[in-house]
Amino acid sequence: MKYIFSTLVAMASAISSSIDYHKDPYYELDIIVDGQAHSVYIADTYWTKIKDYDVPPPQPGDYEYGGECTTLHDDDCNGCWASGSCNWSWPKFSTHSDPWDNDPDRKCRCLPADIEPSDLGSEFTMGFNGRAYFSNTQMFDKSQFFTPNLLGGSMEYDVDLSQASCNCNAAFYMIAMPAKNADGSFRAGESDGMYYCDANEIGGAFCPEFDIMEANIHAYRAVNHHCSDPVNGHYSWCDRAGSCAVDIITDFPDTDPYGPGSSYTINT
């Protein structure tokens, strides 16, 4: 689960030329900016699944769906004529830890035709191992990532981390996309074809990053990653580890401000 907010706002596998990187038109999301209603679009990567928040509660026998499988005929997929998407899946009510890797019922299945909504409203869910960006436009445009001015301001959002346990990182962060090469040309990237960059050079390009939230039910960390001055919009170095961090675990070792259960001040 990964959200990204980048001076721009944002929310991996090998890429081949046959992949449709841009799943536009994108779903609309309602937010508030400076006290006024505003709409942005969720530009999700080709492997990410965005779902309506207001869906019926899951039932025993339901599956969680992750990224797309290699073909439309892998495992239990038979062409997936209804949804056109064969996806890795695992039981929602699994008794196994990390069920996407360990549950014996994990396999490729056809994504239900009605799993993705036509209207998101102001809430949504993101599938495991997803990534998305906020965009000003419904169709992909690398110059139209949502770039609010937060200087002297604040941000408020609600997030349900109850399904993000150990080894999971639900992240919400700002990055300086779109990525550029040393000659100043734009770099589509090696991960999602959407000009991604960050302070750890994921996808092949550095850029400044501010992590507002890196969290699960046990941990929460916010940290800044600064970079060298850019040349032609290209960054040659960034502080991978980060500085000036706020960390629930290291900053509050002897108290219980955050965690799963009623004994914690923030019950995740």
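Read the figures in this text as sums done on the coordinates, not as results from a lab. Model, not experiment: these values are computed from the prediction. Using ideal geometry, Cβ is built from the backbone for each residue, glycine included, and neighbour counts are taken over all protein chains shown.
The table that follows gives values for the structure above.
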| item | result |
| --- | --- |
| Given 23/180; 23/107; 23/49; 49/92, the pairs whose alpha carbons are separated by over 19 Å | 23/180; 23/107 |
| Paramagnetic reach from residue 229 (point 7 Å along Cα→Cβ, amide N under 20 Å) across region 177-215 | 180-185, 206-209 |
| Whole-Hz couplings from phi, Karplus 6.51/-1.76/1.60, listed for region 138-154; x for Gly and Pro | 6, 9, 5, 8, 5, 9, 10, 5, 5, 10, x, 8, 9, 4, x, x, 8 |
| Rg in Å to one decimal, and Dmax rounded to a whole Å, for the chain via C-alpha atoms | 19.1, 55 |
| Residue (of 46, 188, 244) at the positive-pole extreme of the chain, dipole from beta-carbon charges | 188 |
| Residue 220 long-range amide H proximity, modeled H, under 5 Å | 248, 249 |
| Under the Debye formula (equal points on every Cα, no solvent term), log10 I(q)/I(0) of region 95-212 at q = 0.15, 0.16, 0.18, 0.20 Å⁻¹ | -0.96, -1.07, -1.25, -1.37 |
| For residue 108, residues with placed amide H under 5 Å, excluding near neighbours | 76, 89 |
| FRET efficiency, 1/(1 + (r/R0)^6) with R0 45 Å, evaluated for residue 201 and residue 262 via beta carbons | 0.60 |
| Nearby aspartates and glutamates by direct alpha-carbon distance to residue 142 (threshold 14 angstrom, same-chain neighbours under 8 apart not counted) | 24, 44, 192 |
| Geometric extent, Cα atoms of region 117-157 - Rg, Dmax (angstrom) | 12.9, 36 |
| Size of charge dipole - region 134-211 - debye, nearest 20, with Cβ of Lys, Arg +1 and Asp, Glu -1, no other charges | 260 debye |
| Cysteines (scope the chain) whose Cβ has no counterpart Cys Cβ under 4.7 Å | 166, 168, 244 |
| Calculated [θ] (222 nm, deg cm²/dmol) that DSSP helices of n ≥ 4 give over the chain, each run adding -39,500 (n - 2.57) | -500 deg cm²/dmol |
| Reciprocal of mean inverse Cα separation for region 136-268 (Kirkwood radius, Å) | 16.6 Å |
